[in-house]
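Have a look at the structure below, then the notes.
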Amino acid sequence: MAKTIWISGDTHFGDARALTLFQRPFADVATMDAHFLEMLNRQIGKGDVLIHIGDFCGPMPEGQDAQIEHARKIRQQIRCKKIRLIRGNHDPKSERFTSLFDSVKDQMNFRREIGNERVIVCHYPLRAWRGQLSGALHLYGHTHGALEEVGRSMDVGIDCWKYAPLQLDHALDILAARPVTPPNGWVRRQEIREDAIRGENDPPAKNAH
């Protein structure tokens, strides 16, 4: 049976603040963790792959050691063998944490098999990304649905998808159906800075007399 690749992120396991910060409809953090685990294990097979877009566990009052230990306990309860983590701002830079995952990267960049579009996966939403003007697709998290999606970009965090993972191909199909920004060059949106240190060979400043 062919493996399926899934994507999700911004779970903030163990982070009680996430309930109010992201307006999550759970009575407490234990209920939130249990629901996320149920949704992951209900849909993702043991032989499938999960790309986690970052912030696996949120910060905890007890410190980083407690956060890593909680991450270890959560990872043991996720049945899929391979989780590829795209590091988020709350993911500890610790070997003990990194060892919980099949791979840990700051960004993922690959070509889609169907359509051959470039795909850029990053925890943070990018306003401009490699290949954007030629149809590249961008998947991100971090903002928990609070940022408007631009062009062929999509928030794949768990808050945006009924607190469940989605199939990677499904996300990419949605993006590939969106129009490509016309590759007609860059239109300047900012005035040339007037407060820069000027050299004698620089062009005259605007409104100079």
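A short reminder: the numbers here are calculations on the coordinates, not readings from a lab. Note that this is a predicted model, so its numbers are computed, not measured. No Cβ is skipped: glycine too gets one built from the backbone with ideal geometry, and neighbour counts run over all protein chains shown.
The table that follows gives values for the structure above.
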read-out	value
Volume per residue of the C-alpha convex hull in the range 132-193, rounded to whole Å³	104
The chain: calculated mean residue ellipticity at 222 nm from DSSP helix runs of at least 4, using -39500 (n - 2.57)	-6500 deg cm²/dmol
Members of Lys46/Lys93; Lys46/Lys73; Lys81/Lys105 lying beyond 22 Å, as alpha-carbon distances in this model show	Lys46/Lys93
GNM top mover of Val29, Val156, Val121 - the chain, alpha-carbon springs below 10 Å	Val29
Förster radius 22 Å - calculated FRET efficiency between Ala128 and Ser94, Cβ distance, rounded to 0.05	0.10
Estimated inter-spin distance, His35 and Lys82, nm [label 7 Å along Cα→Cβ]	3.1
Choice from Thr20, Thr143, Thr98 with maximal GNM fluctuation in the chain (Cα, 10 Å cutoff)	Thr20
Rounded to 5, the percent of DSSP beta bridges in the range 47-172 classed as antiparallel	30
Mean Kyte hydropathy of 1.6 or more with a Cα span along the axis of at least 27 Å, helices from DSSP in the chain	none
